[in-house]
Amino acid sequence: MTSTKTKGDFRANDYVVYPAHGVGRIMSIEEQEIAGVRLELFVISFEKEKMTLRVPTAKANSVGMRTLSSPDLVAKALETLKGRARVKRAMWSRRAQEYEQKINSGDLISIAEVVRDLHRAEDQPEQSYSERQLYEAALERLTREVAAVERLDESKAARRVDEALDGKKAA
């Protein structure tokens, strides 16, 4: 069923990051005829969303699909979480748009910045619904990539992220 063909940086069974959806796994590389044109496609499964995406191999780079981050970049992202939140004084709708763009950029450091900026400690005021939605989306993307890169289950990866947010050194 799964082919071991490679196409550029990607091969079957690799975990990849698709900017709009986060971490997925290439199940296979297959050819299909679409509107009379033969296309080679990556078949990517996003298990948690129960979604399968077919991306033309020729378009993978232009849509921003990338390999998982390096362990060094993950460490840098976790370090970013320990920094001070940078909250601009712009209107919420403008900031929300910027956060959304950062999350969908697929850039791990940008996603970590959103998590850092929207994180609320126990003693801080409650977030609005839209803030919480953006925070949870960014947190999930970050946690899933940490889990995939460090080969952890998601609960252990979530603990690593929480420890960084709490400013403690992760063991």
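For segment 131-165, what are the residues that are open to solvent by 50 Å² or more (accessible area, probe 1.4 Å) and in contact (Cβ under 8 Å) with a residue 24 or more places away in the chain? Answer for segment 131-165, where residues must be open to solvent by 50 Å² or more (accessible area, probe 1.4 Å) and in contact (Cβ under 8 Å) with a residue 24 or more places away in the chain: Glu140, Glu150, Arg160. Looking only at residues in segment 83-114 that are open to solvent by 30 Å² or more (accessible area, probe 1.4 Å) and of a type in the set (A, V, I, L, M), which one is modelled with the lowest pLDDT? Here the answer is Val87.
Thr80 meets the stated requirement of being in contact with a helix residue (DSSP H, G or I) (Cβ under 7 Å, 6 or more places away or on another chain) and surrounded by 13 or more Cβ atoms within 10 Å (Cβ to Cβ). The residues of segment 114-171 that are of a type in the set (Ser, Thr, Tyr) and outside any helix (DSSP H, G or I) amount to a single one, Ser128. Among the residues making up segment 40-76, those that are open to solvent by less than 60 Å² (accessible area, probe 1.4 Å) and in a strand (DSSP E or B) are Glu40, Leu41, Phe42, Val43, Ile44, Ser45, Phe46, Met51, Leu53, Val55, Pro56, Arg66.
The values are calculated or read from the model by the stated rules, or taken from the named source; none is laboratory data. All of these numbers come straight from a predicted model, not from anything done at the bench. Because the Cβ atoms are built from the backbone with ideal geometry, glycine has one as well, and the counts that use them run over all protein chains shown. Each accessible area value is taken on the protein alone, full model and side chains, heavy atoms only, with ligands, DNA and RNA left out. Shrake-Rupley method; radii C 1.70, N 1.55, O 1.52, S 1.80 Å.
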